[in-house]
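Rule-based calculations on the coordinates, nothing more; no lab input. As the structure is a prediction and not an experimental result, all values here were calculated from the model. Cβ placement follows ideal geometry from the backbone for every residue including glycine, while neighbour counts extend to all protein chains displayed.
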Amino acid sequence: GENVEQHPSTLSVQEGDSAVIKCTYSDSASNYFPWYKQELGKGPQLIIDIRSNVGEKKDQRIAVTLNKTAKHFSLHITETQPEDSAVYFCAARKAAGNKLTFGGGTRVLVKP
Amino acid sequence: GAVVSQHPSRVICKSGTSVKIECRSLDFQATTMFWYRQFPKQSLMLMATSNEGSKATYEQGVEKDKFLINHASLTLSTLTVTSAHPEDSSFYICSARVPTGVGDTQYFGPGTRLTVL
């Protein structure tokens, strides 16, 4: 089955700096890659997703890149703010209807 | 994005009792919902996939007789933890699939913290 690895497990950045989280997946048939942000005691919130027909997607300070050949995708957060502190999960999925496979999560701390 | 609610947000129960958790899609119809379990500082573990009007599909190692799932309508799925024990204490999160133009997107509820004494 699909296996998703996520790095780093923890990331500490200074406010205003950029944060980058990387994920690799094993199943070349995967074609959908969402990113979720989870704050303490809450459910995961979808922040951005990308499908395999594009290589990059951006939404304000957040961007995701996808390299299908290398089977990895990354989340980029620019101009980080303290409210960006949370745990971020990447995931991968094959055709619509299949289940998501999650990475292990990255705990991001933005220091003011 | 789509809104998924869960109730209750927190529950404390005695060992041996059963607890029911409700998951609702508020502004859309969800033919498929998922139930996850999350231990502290760990990733989400899929327990089962719930399809409206049919039996749930459980992941390997998840006891179907212990974690009863019912998806009786397009907006409601319930998870009942039967004869709960302290080791069942965890954060339970439901998720609903929303069909989109080119596939589907999955949204999560706020989670339910279960503590079994």
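The ranking of B:25, B:9, A:74, B:54 from fewest to most other beta carbons within 10 Å of each one's beta carbon is B:54, B:9, A:74, B:25.
Distance from a point 7 Å along Cα→Cβ of residue A:78 to each backbone N in the stretch A:44-62: keep the residues under 19 Å and list them by number. Output list for this probe position: A:47-50, A:55-62. For the peptide A:39-50, the mean number of other protein chain Cβ atoms found within 10 angstrom of a residue's Cβ is 5. Above 13 Å lies some portion of the pair distances; for the stretch A:64-105, what is it as a whole percent of all C-alpha pairs? So the pairs more than 13 Å apart make up 67 percent of the total in the stretch A:64-105. What are the trypsin sites (Lys or Arg not before Pro) within the stretch B:19-65 that DSSP puts in a loop, where the Cβ has at most 11 other Cβ atoms within 10 Å? In loop regions of the stretch B:19-65 (DSSP not H, G, I, E or B), the sparsely surrounded trypsin sites (Lys or Arg not before Pro) are B:41.
Structural size metrics of the stretch B:35-85, computed from C-alpha coordinates, are Rg and Dmax of 11.5, 34 Å. Think of it this way: in the protein assembly as shown, B:13 stand alone, with no other Cys Cβ under 4.7 Å.
Based on alpha carbons, the Rg and Dmax found for the protein assembly as shown are 17.7, 52 Å. Based on Cα atoms of the stretch A:6-52, Rg over Rh with Rh as the Kirkwood radius reads 1.01. One equal scatterer on each Cα of the stretch B:1-69, no solvent, Debye formula: the resulting log10 I(q)/I(0) at q = 0.14, 0.17, 0.27 Å⁻¹ is -0.52, -0.78, -1.43.
Pairs spanning more than 26 Å between alpha-carbon atoms, out of A:37/A:71; A:22/A:99; B:20/B:41; A:37/A:99; A:71/A:111: A:71/A:111. The percentage of C-alpha pairs in chain A whose separation is greater than 26 Å is 14%. 3J(HN,Hα) along the stretch A:74-84, derived from phi through the Karplus expression 6.51 cos²θ - 1.76 cosθ + 1.60 where θ = phi - 60°, amounts to 9, 10, 10, 10, 9, 6, 4, 10, x, 6, 7 Hz, with x in place of Gly and Pro. Here the Gaussian network model covers chain A, with springs between Cα atoms less than 10 Å apart; of A:71, A:37, A:99, A:99 fluctuates the most. For chain B, the Kirkwood hydrodynamic radius comes to 14.2 Å, computed from all pairs of different C-alpha atoms.
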